[in-house]
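Reading through the structure tokens given below for one structure.
The values are calculated or read from the model by the stated rules, or taken from the named source; none is laboratory data. On a predicted model such as this, the values are computed, not experimentally measured, just so you know. All Cβ positions, even for glycine, are placed from backbone atoms using ideal geometry, and neighbour counts span all protein chains on display.
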């Protein structure tokens, strides 16, 4: 049920100004508590009749078929009923910008929760058990900038092993940015995406629209299953860390059949955007990263926050694990960038005369996660609408937002 203004945490006492209750609106506290349930039941009955046999005719399926049909009809009835209910709730609110902001504020217990902080340092970050920010994962500009460069630098994809199907010419031809394209809001826009072994980014059509489209490098052939396909069909392969245990003694058929080290690093799914990364504590397919469950259910052996866990796991999958750190240590500019981003680790490395203490897999995924947390929007029409701009959204967009928040619970 919609919460009353007295119970809302973000706005104290009775809301004023644009958040004041409309004079003609029935308050949730005085409305009949069973009105919506009654509507839901009536809608389910109507939908049930829509899916019944004509003229009340009875078929003679098996008992199992009858149970299956009843379950299917019930599910369909409930789904359509909920859709109708959401539409009814949305219709009662009105689509004016002030009314809509008031409605959203009620639905999320404070509209400010949806507003992106003006400073990167105020974005959500991992917390200690006490609830205070964990200094190990603190967002700083030096760490963000380093992470951005690492995200787009193909020098990291250096783990190419010919003995397992790798082709040396494909070495260092992919990066995180090869699939998460900035031109299309960090999405891929294609069903099959190519990292190592791919080339190009896309093209612009006659109307000026950018069309993402990488292709396999000439002379290369992607013949083995992708890691995604293998993970779906087999429980014996550690899909979280597919490069672990990669040695000449490992069974060659298992390695080449897993997609771990072949010529083309292809991913058979539409790569999602990373915008809003900071606001999720579970990432990857099914929310695997950030989940503390042990392997084979979970992919987080080091109990990392979701962002760091995602960066750690993808480093392993995409031809970087056990190779990227050495490549980065050879580049003086990266030495400077890592020292700026990780001053404590830099001091330890300097005292021990060991650059590995500064540039390693952990500092890499920490910088990467920091950058990805800062990929947010602050000036889209939606952001401006939340901030109070009544002209930011079209009528159709406001209608859609109204329907979305009517069904958010």
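Side notes on the structure shown:
- Any chance residue 392 is within 28 Å of the chain's Cα centre (by Cα) and assigned by TED's automatic domain parsing to the domain that holds residue 106: yes
- In this structure, residue 364 does not satisfy being in a loop (DSSP other than H, G, I, E, B), assigned by TED's automatic domain parsing to the domain that holds residue 276 and crowded, with 19+ Cβ neighbours inside 10 Å.
- Selection over region 122-155 of residues that are in contact with a helix residue (DSSP H, G or I) (Cβ under 6 Å, 6 or more places away or on another chain) and farther than 18 Å from residue 309 by Cβ gives a count of 6.
- Against the list (1) under 19 Å from residue 308 (Cβ atoms); (2) part of a loop (DSSP other than H, G, I, E, B); (3) in contact with a helix residue (DSSP H, G or I) (Cβ under 7 Å, 6 or more places away or on another chain), the condition residue 160 fails is (1).
- The set of residues from region 275-297 being at pLDDT below 85 and in contact with a helix residue (DSSP H, G or I) (Cβ under 9 Å, 6 or more places away or on another chain) comprises 280, 281, 282, 283, 284, 285, 287, 288, 289, 290, 291.
- Members of region 310-358 that are at pLDDT below 95 and in a loop (DSSP other than H, G, I, E, B): 318, 319, 320, 321, 322, 323
- Top-ranked residue of region 302-318 - restricted to ones that are in contact (Cβ under 8 Å) with a residue 12 or more places away in the chain and more than 16 Å from the chain's Cα centre (by Cα), ranked as surrounded by the fewest Cβ atoms within 10 Å (Cβ to Cβ): 317
- The set of residues in region 388-409 that are part of a loop (DSSP other than H, G, I, E, B) and either touching a strand residue (DSSP E or B) at 6+ places or on another chain (Cβ under 7 Å) or exposed (fewer than 14 other Cβ atoms within 10 Å of the Cβ) (or both) comprises 388, 389, 391, 394, 408, 409.
- Selection status of residue 207, out of contact with any strand residue (DSSP E or B) (no Cβ under 9 Å at 6 or more places or on another chain), part of a loop (DSSP other than H, G, I, E, B) and either modelled with pLDDT of 85 or more or closer than 13 Å to residue 152 by Cβ (or both): yes
- Screening residue 330 against (1) closer than 27 Å to residue 193 by Cα; (2) surrounded by fewer than 19 Cβ atoms within 10 Å (Cβ to Cβ) leaves a single unmet condition, (1).
- Candidate set from region 167-191 (those that are within 17 Å of residue 218 (Cβ to Cβ) and out of contact with any helix residue (DSSP H, G or I) (no Cβ under 8 Å at 6 or more places or on another chain)); member that is surrounded by the most Cβ atoms within 10 Å (Cβ to Cβ): 170
- Qualifying positions in region 95-118 - in a loop (DSSP other than H, G, I, E, B) and either under 21 Å from the mean Cα position of the chain (by Cα) or at positive phi (or both): 108, 109, 110, 115, 116, 117
Here is a yes/no grid of residues against (1) farther than 24 Å from residue 162 by Cβ; (2) at pLDDT 55 or above; (3) within 19 Å of the chain's Cα centre (by Cα):
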position: 189; (1), (2), (3): yes, yes, yes
position: 193; (1), (2), (3): no, yes, yes
position: 199; (1), (2), (3): no, yes, no
position: 239; (1), (2), (3): no, no, yes
position: 242; (1), (2), (3): no, no, no
